[in-house]
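A quick write-up on the structure given underneath.
What follows draws every value from the coordinates through simple rules; no lab data is involved. Note that the coordinates shown come from a computational prediction; the quantities given were computed from them, not determined experimentally. Neighbour counts are summed over all protein chains in view; Cβ atoms, including those assigned to glycine, are modelled from backbone coordinates with ideal geometry.
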């Protein structure tokens, strides 16, 4: 597999999604990622399934903003999301309960997410 980048990450998210953890969740999440390889992405979780598409939803339940580099560090397990929030590397608006559950919805230990190199 190629080195992990934002486009590859967004392609992988539905594959590492844990549907059994998503019972009762219906959500639209915007990712606004700045810097090299960044962009706007929408992740939709509904009926215990997940999709990710390029572009921005006009009415998300949760919006996450970060540098592309930092979101890759979070999903590759190198940066704790709570620390990222505390140090201003990750900004969130919207449903904070959903934000707190986000980490349990994806298998962040999947080796495909560990391909990213600084």
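Brief remarks on what is shown
- Of all DSSP beta bridges in region 6-95, antiparallel share, percent nearest 5: 75 percent
- In the chain, the calculated helix contribution to ellipticity at 222 nm averages -7000 deg cm²/dmol per residue, counting -39,500 (n - 2.57) for every DSSP H run with n ≥ 4.
- As computed over the chain, the Cα convex hull volume per residue (Å³): 95 Å³
- Peptides 70-79, 105-114 ranked from most to least packed by the mean count of surrounding Cβ atoms within 10 Å: 70-79, 105-114.
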